[in-house]
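Here's the structure, in structure tokens; my notes come after.
The values are calculated or read from the model by the stated rules, or taken from the named source; none is laboratory data. Owing to the predicted nature of the structure, the values given are computational and were not obtained by experimental measurement. Note that we place each Cβ from the backbone using ideal geometry, even for glycine, and neighbour counts take in every protein chain shown.
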Amino acid sequence: MAERPPGEGARRRPTGRDVARLAGVSQATVSLVFSGSAGHRVSAATSERIHAAARELGYRPQAAGRQLRLGRSGMVLLAVPNLLGPFFGRVLTGVHEEAARHGLAVVVSSGWDAAVLAEAAAAGRFDGLLVCSPDDGQLGPLPADTAAVFLDADPAAHPGRPTLELDLAAGMRAAVDHLAGLGHRRIGYLRSVHSAHTFRVRQAAFAAASAQLEVRELAVGLNEGSREAERAARELLDGPGRPRAVVCDDDVVASGLYRAAGQLGLRIPQDLSVVGMDNIPVAELLSPPLTTVDLPGEELGRAGLAALVSLLEGELPPPAGPLATTLVVRGSTAAA
């Protein structure tokens, strides 16, 4: 990167000319990148160098004028099923990071249904939509000209639209294999009752991975929070033949299981091994810290917004495989 102009940015507001000088490119190239018109005319490396120079200088393009020229609002809608779900905070972080690179603002909505989403798309208030982990009841047709990307969703349900998936099946297999490798043969499963692709994948993977194990399952309503999980966990653990290890469909359920275990006098991991899924911040704060499957929410958000920007520029993003998930082993699991 070229040398930073001496003293510039400290006495006055930086300009596109300053960014061009620092990045070692022409001012016209800077204008192409920040107008959203670069397309294939500017390489990804050059575009990143320009964005890095802008961040270093504190440069902010005149977003309002640019969006007016492009006939856009400069806003995208991120639709999630539950705004209070900690995993969606991770997704939003990634969306915000990528949106800032493109001068876009992000509006978040939850509790929507198919009609509300279609109306928002048709009204033109947003340049595009990111739809994350939708329940079946939230799905429906969108206007054909709507730029939309689906995250953690079923590609077959949205033909012709970019869909980014998480490798949930691999994560669930890793969780069950970890417990089996510790010698556990009697395993409990607290599974979500939500009718959504993300949970169907988890549950199908659990069934396949645990086929040779003794399993006891109970259903949990995730929207009812950890107290409902605590109630279900007490039912699962209280009585003869209780499992010595439990897999939870997410970390909020696992936190309810921790409370139930404490009430029953069961020690984690000495009496009970626990594995969650999501790796939300609370996982490290539990005592002992929770072994869980990390779902890369930030990466999912960044990739989704990047795909949406491609659609807005008239390009179909290339197909992408599921984002890798990782088992994070902490203190909540031990040998049977």
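Of all the numbered requirements in (1) part of a helix (DSSP H, G or I); (2) of a type in the set (G, A, S); (3) touching a helix residue (DSSP H, G or I) at 6+ places or on another chain (Cβ under 9 Å); (4) free of Cβ contacts under 8 Å to residues at least 40 places away in the same chain, A122 misses one, and that requirement is (3). Checking each residue in region 187-215 for being closer than 22 Å to G239 by Cα and exposed (fewer than 15 other Cβ atoms within 10 Å of the Cβ) picks out only E214. The lone criterion from (1) closer than 19 Å to V252 by Cβ; (2) surrounded by fewer than 17 Cβ atoms within 10 Å (Cβ to Cβ) left unmet by A144 is number (1). Here the strands (runs of 3 or more DSSP E) wholly within region 230-336 that include at least 2 residues being buried (at least 19 other Cβ atoms within 10 Å of the Cβ) are 245-248, 273-278, 291-294. Candidates are the residues of region 133-147 that are touching a Leu at 6+ places or on another chain (Cβ under 8 Å) and touching a residue at least 60 places away in the same chain (Cβ under 8 Å); the one that is farthest from A204 (Cα to Cα) is A147. Filtering region 97-119 to residues that are more than 15 Å from F150 (Cα to Cα) and either over 20 Å from the mean Cα position of the chain (by Cα) or not in a loop (DSSP other than H, G, I, E, B) (or both) leaves E97, E98, A99, A100, R101, G103, A105, V106, V107, A115, V116, E119. All conditions but one from (1) in contact (Cβ under 8 Å) with a residue 24 or more places away in the chain; (2) closer than 22 Å to A196 by Cα; (3) surrounded by 20 or more Cβ atoms within 10 Å (Cβ to Cβ) apply to F150; the one that does not is (1).
If we keep just the residues of region 60-103 that are among the small types (G, A, S) and under 18 Å from E299 (Cα atoms), which is modelled with the highest pLDDT? Here the residue is G94. Inspection of region 162-178 identifies no residue that is free of Cβ contacts under 8 Å to residues at least 12 places away in the same chain and assigned to a helix (DSSP H, G or I).
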